[in-house]
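Notes follow the structure.
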Amino acid sequence: MRREQGRRAVFTRRMLLVGAGQVAIMGAMGARLYQLQVVESERYKTLAEENRISVRLIPPPRGRLTDRFGEPIAANRQNWRAMLVAERTDDVGATLATFAEIVPLTEADRARVERELRRRRRFVPVVVRDHLDWEEMARLEVNAPDLPGIMTDVGQSRIYPGGEAFAHVVGYVAPPAEADLDGDPMLELPGIRVGRAGLERAHDQALRGRAGSVRLEVNAVGRVIRELAREEGTPGQDVTTTLDAGLQQFAAARIAEESAAAVVLDARNGEVMAMVSSPSFDPSLFDTGVSAAQWREWTTNPRAPLINKAIAGLYAPGSTFKMVVALAALEARVVSPGERIFCAGVTELGDARFHCWKRGGHGWLDMREAIKQSCDCYFYEIAKRTGIDRIAAMANRFGLGLQPPIELPGARAGLIPTRAWKRATQGVAWQQGETLVHGIGQGFIQTTPLQLAVMTARLVNGGRAVEPHLTRAIGGVPAPGGSAGDWPLIGIPEAHLRLIRDAMAGVVNERGGTAYASRLPAEIGAEMGGKTGTTQVRRITMAERERGLRRQQDLPYEWRHHALFVGFAPSQDPVYACAVIIEHGGGGSAAAAPVARDIMAETLRRDPARRQAPPRPALQVAAAERSGR
Amino acid sequence: MIERRLTRERGMSLAEKLGSVSWSFVVLLGLMAGVGYAMLYSAAGGSPEPWAFRHGLRFGFGVLMMLAIAMVDIRIMLRLAWPLYLLGVGLLVLVALHGEVGKGAQRWLDLGGFQLQPSELMKILLVIALARWFHRASLERVGNPLFLVPPLIATAIPVALVLKQPNLGNALITLMVAGAVFFAAGVRWWKFALVIGAVAVAAPIVYESLHDYQRQRILTFLDPESDPLGAGYHVIQSKIALGAGGMFGRGFLQGTQSQLNFLPEKQTDFIFTMLAEEFGFVGAASVLALNLLVVLYGLAMALACRHQFGRLVAAGITVNFFLYVFVNIAMVMGMIPVGGVPLPLISHGGSAMITVLIGFGVLMSVHVHRAVEIEGEQGEV
């Protein structure tokens, strides 16, 4: 009995101990629970919210680009897509097989769908086919009961109604590359596109808009349970360009056969009405991705279809530079307009001989005749008298050698050499013979077709420093620079400008002018002024000159001269300025002037008389204010 | 009065036995199962399917089984202690040879639609066997080291088999339950100290022989944030859910962590987390208190028993239950490694529920037969 009591006492003691221990452990767990649930609760509540809520962005529609009349040149198209949600069908294979009977499905499509289905979770829609047409959509809708798991939705893709004609100016969109990621979270969205070239790139921020967002409750695998809140985004702004779509199309078609570029400006305010470069490319190919073969073809083509020659092609201006030389000489008072200089067909300076394009020479010429007949010897003489630095200064006032502030990326500044430039870059002194060569627009000098068009505009608009631009309005708000008064004068006496304009009218409209064959047809009811230019790609050797091998069409293509023409119209009250360059076209009067004639004729046909572009809103407001007062 | 009557009568009638069942204890268990039903209803997103209804059904069946066992005379259990122990070991061997492989371990025995985890049952059978051994022993005999060798071997065999499955958590619990019986029987403190010291020395060696996933659990326990999307994910999400519950919880069916499936295995291992998220600290602490009450009830039954066999059995079963609760709750709070131990009576899972109720059946049998005279003891009384 005593033994039993001893055992029981030990047992009781120890069990009380065990019980106390258990109470203590439970108490410790309760304390831990208190710490987690009450003391640190806030922190964990935040973490739970982060778990639960997923913020997704809704991409806004990209803004459109239109021409000056509101015709779209870059727009969005509804892209109807068929998607498959694996968890909503019992048999993915059967659904796809039925689908293929209704809408054609390539083996590649099928392989891609199966690959994506394997990779993604079962509730994530996978695109089966996109860019479905209306009839295909209708067939899918009708057969919906036989297509479990298939759903249709609509996305957006970029289209370019103008196609290749606008490619260099409008640019294109493409999926963002690493370098495009500027912190905008929208760029992380699948299917998003950014402007990669041209105006699409220049105005990307405005066109892009701001993404909306939607706060979703998601579960642990990311499935959406419900929508909690939605914030609408801002659609991209429409950008109205200065282009005339019809003129752009015409100009592009006119130069399509050549490696060429053409620019038409409104000379009064610098608006670019057409800017084409040939050959071109299809901008919509970048949306889906360019094949390696296509890319190789573009980049190895010697005619460089991806380069916008109007802003990035560098050419010696040739005789189109002579007006600048003449104005520099007049300003320096080294020649008077009426002074006659003799052309013997060759000018000698020391041992060097400088030839006129006309073998026998032009005889005695004043400035107007020299421009009209494009006499080289006259300009050798007055360039020599003026000096290269004064010529360069005048060229700069006309925008040559300076970066034009055009919106497009990749515009080149070209080169207008000076004595200082040559010493700094080549380490040798300027030679007087080089001044003569530059007097006819050859040598180191390099310009772009856009610069030549701007030069021409400034020659004929009363000497206003208009700058070329492509933007009329962004989101309905007008861009500055719409009227002539916005641009400062460059300080050339009107008498000098009138002389030049008159001489250029003579080039086209008088017998003996280098572009007489390219005067405008009578039905236009206006005349064009201009100046031809022919620049050597390669020096003509003395041996060739003696052999008489001078016909351009006898030379291999890449040795032929570049043909240039700058022009304006109407000649009496100029509104439009243009520049045309045909690479390896031969001569300016034979190859470039006819193209310019046709483009200018079309420009005048489309003139406001018959088709008035809506005035910029700012002008309307200003007019209303005026009338109100 | 009552005790004298019970002592006097060798055979009790069924009505008498039923009358002496601790019905308040049964109500307590029913309360726990009710909590489990509610939580399983919520885990299914507000539906009795697929868990809550079956949970209720199993509990009903389990309670009947528990009461049936409670009616079995404790002396029959004493007599059958060793045969039952051998049956348990046999089942463990069987499961090692033919068991279902689940989650990388052989643990289950499929008995025609009813899955049995013999390692759970084994703990109860081991407790009965050890109690049988110590039942006759005086304190002097218990003090003799040689006397402790047979029960140590009896413990080592099932522990080794469970470890082999491999199921580290259950092996450790089995060891601790056995230890509790040894302790209750009066084995000296310094002997425990000796064993614990030996384990500390052996631990690094054992660690080397662990499976990768077991090592991973231990490593994850030491630093859960090191692998937030891997094994540590469960514990981190569980802690987030607990913390998000706050003082009063997010409301029934409103726990985002559990309803949105951030919480893994919420119907089994992590049901306590779910409860804590939806009912807050108040609800979780109440369930903790409920569990403590069950444990203290068990200890009270042990202390009230007049024979050593019953006392030891009751102590072992109570400690077993306590360890279940402790391991599960400490696990979901990130206090010990994730172990795959359910919360008894609340978690979904047939095998666990049945074995827990079998254990309580034995406990209640002890309570019903607390005053019977056991022959073997008479000489010593």
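The values are calculated or read from the model by the stated rules, or taken from the named source; none is laboratory data. Not measured: the values here are computed from a predicted model. For neighbour counting, all protein chains shown are included, and Cβ atoms are generated from backbone atoms with ideal geometry for every residue, glycine included. Just so you know, the surface numbers come from the protein's heavy atoms only, side chains and all, with ligands and any DNA or RNA stripped out. Shrake-Rupley method; radii C 1.70, N 1.55, O 1.52, S 1.80 Å.
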In degrees between 0 and 90, to the nearest 10, how far off the longest principal axis of chain B does helix B:308-332 point, with axes built from Cα atoms? 10
About the Cα centre of chain A, what is the dipole size in debye to 20, counting +1 per Lys and Arg Cβ and -1 per Asp and Glu Cβ, all else neutral? 1960
Which of A:ARG390, A:ARG560, A:ARG472 is most accessible, then next, and so on - probe 1.4 Å: A:ARG390, A:ARG560, A:ARG472
Provide the FRET efficiency to the nearest 0.05 for the A:GLN78-A:VAL537 pair, computing r from the beta carbons and using R0 = 60 Å. 0.80
Fully extended, how many nm does the chain gain between A:GLU232 and A:ALA138 (0.36 nm per residue separation, minus their Cα-Cα distance)? 30.8 nm
What are the membrane-span-like helices in chain A by this rule: whole DSSP H runs, Cα extent along the axis at least 24 Å, mean Kyte-Doolittle hydropathy at least -0.5? A:2-34
Quick check for me: using +1 on Lys/Arg Cβ and -1 on Asp/Glu Cβ, what's the dipole size of the stretch A:48-149 about its Cα centre, in debye to the nearest 20? 560
per DSSP, antiparallel bridges as share of beta bridges in the stretch A:54-241, % nearest 5, sits at 95
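Could you please state how large a percent of the accessible area of the stretch A:54-241 is carbon and sulfur, counting protein chains only and using a 1.4 Å probe?
49
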Counting only DSSP beta bridges with both partners in chain A, the antiparallel fraction in percent, to the nearest 5, comes to 95
Would you give the gap between the C-alpha center of the stretch B:33-63 and the C-alpha center of the stretch B:124-166, rounded to a whole Å? 37
From the cross-link list A:LYS322/A:LYS531; A:LYS45/B:LYS239; A:LYS309/A:LYS531; B:LYS123/B:LYS191; A:LYS422/A:LYS531; A:LYS358/A:LYS531, the entries with a Cα-Cα span beyond 18 Å are A:LYS309/A:LYS531; B:LYS123/B:LYS191; A:LYS422/A:LYS531
At a probe size of 1.4 Å, how large is the accessible area of A:TYR44, to the nearest 10 Å²? 10
In nm², what is the average projected area of the convex hull enclosing the Cα atoms of the stretch A:438-516? 7.4
Does chain A come out rounded, prolate or oblate by the C-alpha gyration tensor, with a ≥ b ≥ c the root eigenvalues, rounded set by a/c under 1.5 and, if not, prolate when a/b is larger than b/c and oblate if not? prolate
Could you bin all the Cα-Cα distances of chain B into 10 Å bins starting at 0 and give me the percent of pairs in each, rounded to whole numbers? 5, 22, 31, 26, 12, 3, 0
Ignoring ligands and nucleic acids, chains A and B bury, in total, an accessible area (1.4 Å probe) to the nearest 100 Å² of about 4400
Quantify, in whole percent, the carbon and sulfur part of the accessible surface of the stretch A:355-411 (1.4 Å probe; protein heavy atoms only). 52
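Give me the percent relative contact order of chain A, please, defined on Cα pairs under 8 angstrom at least 6 residues apart.
Working: 1253 pairs, mean separation 82.6, N = 629.
Rounded, it is 13 percent for chain A.
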Report the FRET efficiency, 1/(1 + (r/R0)^6), for B:HIS98 and A:GLU87, where r is their Cβ-Cβ distance and R0 is 56 Å, rounded to 0.05. 0.95
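Divide by every residue of the protein assembly as shown the summed helix terms, -39500 (n - 2.57) for each DSSP H run of at least 4, and state the resulting mean residue ellipticity at 222 nm, rounded to the nearest 500 deg cm²/dmol.
Details: 39 runs with 496 residues, N = 1010.
One gets -15500 deg cm²/dmol as the mean residue ellipticity at 222 nm.
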Just want to confirm a number: the relative contact order over the stretch A:54-241, from Cα pairs under 8 angstrom separated by 6+ residues, in percent. 35
Probe 1.4 Å, protein heavy atoms only - accessible area per residue of the protein assembly as shown in square angstrom: 43
Treating the stretch A:54-241 as a set of equal point scatterers at the Cα positions, no solvent, please give the Debye-formula log₁₀ I(q)/I(0) at q = 0.10, 0.11, 0.15 Å⁻¹. -0.52, -0.62, -1.05
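Report relative contact order for the stretch A:423-485 in percent, whole number only (criteria: Cα-Cα under 8 Å, sequence separation at least 6). Present the calculation step by step, with values, prior to reporting the outcome.
Working: 22 pairs, mean separation 9.6, N = 63.
Result for the stretch A:423-485 is 15 percent.
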Considering the stretch A:323-447, what Rg and Dmax in Å follow from its alpha-carbon atoms? 15.3, 47
Please give the net charge around A:VAL224, taking every other residue with its beta carbon less than 10 angstrom from that of A:VAL224, where Lys and Arg add +1 and Asp and Glu add -1. +1
What residues of the stretch B:240-272 lose no less than 50 Å² of accessible area with every protein chain in place versus their chain by itself (probe 1.4 Å, heavy atoms only)? B:ILE240, B:GLY243, B:LEU260, B:PHE262
Using a 1.4 Å probe on heavy atoms of the protein chains only, the accessible area for A:ARG519 in Å², nearest 10, reads 100
Can you list the aspartates and glutamates whose alpha carbon sits under 16 Å from that of B:LYS164, skipping same-chain ones fewer than 8 residues off? B:GLU100, B:GLU120, B:GLU208, B:ASP212
Return the distance in nm (one decimal) between the two label points of a simple spin-label model at A:ALA94 and A:ARG223, each offset 7 Å from Cα along Cα→Cβ. 2.1
Ordering A:VAL142, A:VAL103, A:VAL124 by the accessible surface of their heavy atoms, 1.4 Å probe, largest first, yields A:VAL142, A:VAL124, A:VAL103
On a 0 to 90° scale, report how tilted helix B:149-164 is relative to the longest principal axis of chain B, with both axes built from alpha carbons and the result rounded to the nearest 10. 20
Quick check for you: which residues of the stretch A:280-305 have the amide N under 17 Å from the point 7 Å beyond the Cα of A:TYR557 toward its beta carbon? A:280-281, A:297-305
What shape does the stretch B:229-355 have by the C-alpha gyration tensor, where a ≥ b ≥ c are the square roots of the eigenvalues, rounded means a/c under 1.5, and otherwise prolate means a/b greater than b/c and oblate the rest? prolate
Once all protein chains are kept in place, A:GLU523 shows an accessible area at probe 1.4 Å, nearest 10 Å², of 130
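Classify the stretch A:114-180 as rounded, prolate or oblate, taking a ≥ b ≥ c as the square roots of the eigenvalues of its Cα gyration tensor: rounded when a/c is under 1.5, otherwise prolate if a/b is larger than b/c and oblate if not. Provide the component values of the computation, followed by the final result.
On the way: a/c = 4.25, a/b = 1.56, b/c = 2.73.
Oblate, because a/c is 1.5 or more while a/b does not exceed b/c.
How do B:VAL142, A:VAL575 rank by accessible surface area computed with a 1.4 Å probe, from largest to smallest?
Values: B:VAL142 0, A:VAL575 25 Å².
Largest accessible area first, the list is A:VAL575, B:VAL142.
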